[in-house]
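Working notes, beginning with the structure itself.
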Amino acid sequence: MSTVQSVRSNLARHGLVMVITGNGKGKTTSAFGQALRAVGHGYKVCIIQFMKGRKYGEILAIEKYIPDITVIQSGLDSFVMKDNPAPVDIDLARKGFKKAQEAVKSKKYDLVILDELNVAVNFNLISEEEVIDLIRQKPPEVYLLLTGRYASDKIEEAADMVSDITEVKHHYNSGIKGQAGIEY
Ligand code: ATP
Ligand code: MG
């Protein structure tokens, strides 16, 4: 890229806060698509996944082919009970959020994705105030993308962009179980 082009892109850069929420399928896969687009421009991406521990297809692909994306999982491959989370679930979510704060502040990453953070907040594993503080204290050039159902009103208000994915229809409701390469 020429110097002029790089100056232009720096001027245009505005570290947005983006939220992808809603009941429809496509939040996490959209976030990983965004990560891929960012990497195409030479960006470094950090993805921290809350409440997840399984090696999803996207993680296997990243480990194999995409060194510019770092994925950190901070959860177990088991269901978290909303009204009675296990101490280990709370502990892992807290550790994941600490890593998220470090990743955002380190400026080592151009884009930080906190996958399912909205759910962790809704389940009271992470406080809404801490997330708002992270948004407010973020370095201006860092892009931040938060995903998961049930995004809170305050988090939506603090964001620059919010997409709410609506479920029109889902094959799960016709009894079709999760498919490799589609659901995981
Ligand atoms: P994806 O990871 O496919 O982009 P998502 O991030 O939007 O989905 P989540 O709310 O994180 O969906 O749900 C996790 C799992 O539930 C995924 O396997 C996803 O395919 C599945 N799922 C998503 N939406 C629905 C739905 N409306 N009904 C049933 N299962 C769903
Ligand atoms: Mg998801």
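The values are calculated or read from the model by the stated rules, or taken from the named source; none is laboratory data. Since the structure is predicted, the reported quantities are computational estimates derived from the model, not experimental observations. Glycine gets a Cβ as well: all are built from the backbone with ideal geometry, and neighbour counts include every protein chain shown. Calculation scope for accessible area: heavy atoms of the full protein, side chains included, ligands and nucleic acids excluded. Shrake-Rupley method; radii C 1.70, N 1.55, O 1.52, S 1.80 Å.
With a cut-off of 9 Å between beta carbons, the residues surrounding F50 carry a summed charge of -1, where Lys and Arg count +1 and Asp and Glu -1. Ligands, DNA and RNA left out, the accessible area of the chain computed with a 1.4 Å probe is 53% carbon and sulfur. Using the 1.4 Å probe convention, the accessible area of the chain works out to 57 Å² per residue with neighbouring protein chains retained.
Solvent-accessible surface (1.4 Å probe) assigned to M18 amounts to roughly 20 Å².
The calculated 222 nm mean residue ellipticity attributable to helices in the chain amounts to -12000 deg cm²/dmol, summing -39500 (n - 2.57) over DSSP H runs of n ≥ 4 and dividing by all residues. A simple packing score, the average count of other Cβ atoms within 10 Å per residue, orders the peptides 45-51, 27-33 as 45-51, 27-33, with the highest score first. Tell me, Kirkwood radius of the stretch 13-165 from alpha-carbon pair distances, in Å? Answer for the stretch 13-165: a Kirkwood hydrodynamic radius of 15.3 Å. Separation of the stretch 76-125 and the stretch 45-65, taken as the distance between their Cα centroids, equals 14 angstrom. Per residue, the average separation of C-alpha pairs within less than 8 Å and at least 6 apart gives the chain a relative contact order of 36 percent.
R13 contributes about 60 Å² of solvent-accessible surface, heavy atoms of the protein only, 1.4 Å probe.
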